[in-house]
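Okay, structure first, notes after.
The values are calculated or read from the model by the stated rules, or taken from the named source; none is laboratory data. Please read these numbers as outputs of a predicted model, since none were measured by experiment. Glycine gets a Cβ as well: all are built from the backbone with ideal geometry, and neighbour counts include every protein chain shown.
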Amino acid sequence: MLASPKKQSSSSHRGRLDIIADILGASFGGVRKTYLMYRCNLSFKQLKYYLEFLLNKKLLQIVGDNKTSNPGLFKITGKGKKFLEAYKGLKSLMK
């Protein structure tokens, strides 16, 4: 008799805020899309969605030459740093 595969607990899945915090935390020095995709373990489609959201909310900015085909680097803003600090504070309260 085969054992049924174990279900992953819901706590192992990241929520939207966890993903946003991962992206912001990885972009302090200015990073490229590919780095964020691998560092945050996201598909290109997911990354595109979150980058658009974070840019619109001014939590991330693009630094570099936008005139070329190279989109530049993604870097956390002051507002993004405040968000990340608040997120970490809330996470510590939940422990």
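How many residues are loosely packed, with under 11 Cβ neighbours inside 10 Å and modelled with pLDDT of 95 or more if we restrict to region 60-85? Steps first, answer last, please.
Filtering region 60-85 for residues loosely packed, with under 11 Cβ neighbours inside 10 Å gives 65-70, 78, 85.
From what is left, the residues that are modelled with pLDDT of 95 or more are 78, 85.
Matching residues across region 60-85 total 2.
Has region 50-59 got any residue that is more than 23 Å from HIS13 (Cβ to Cβ) and buried (at least 16 other Cβ atoms within 10 Å of the Cβ)?
Looking for residues that are more than 23 Å from HIS13 (Cβ to Cβ) and buried (at least 16 other Cβ atoms within 10 Å of the Cβ), one finds none in region 50-59, hence no.
Every residue in region 46-61 that is part of a helix (DSSP H, G or I) and either closer than 17 Å to ARG32 by Cβ or within 11 Å of the chain's Cα centre (by Cα) (or both), please.
GLN46, LEU47, LYS48, TYR49, TYR50, LEU51, GLU52, PHE53, LEU54, LEU55
Go through (1) within 14 Å of the chain's Cα centre (by Cα); (2) under 18 Å from ARG16 (Cβ atoms); (3) part of a helix (DSSP H, G or I) for LYS81 and report which single condition fails.
Only one criterion in (1) within 14 Å of the chain's Cα centre (by Cα); (2) under 18 Å from ARG16 (Cβ atoms); (3) part of a helix (DSSP H, G or I) is unmet by LYS81, namely (2).
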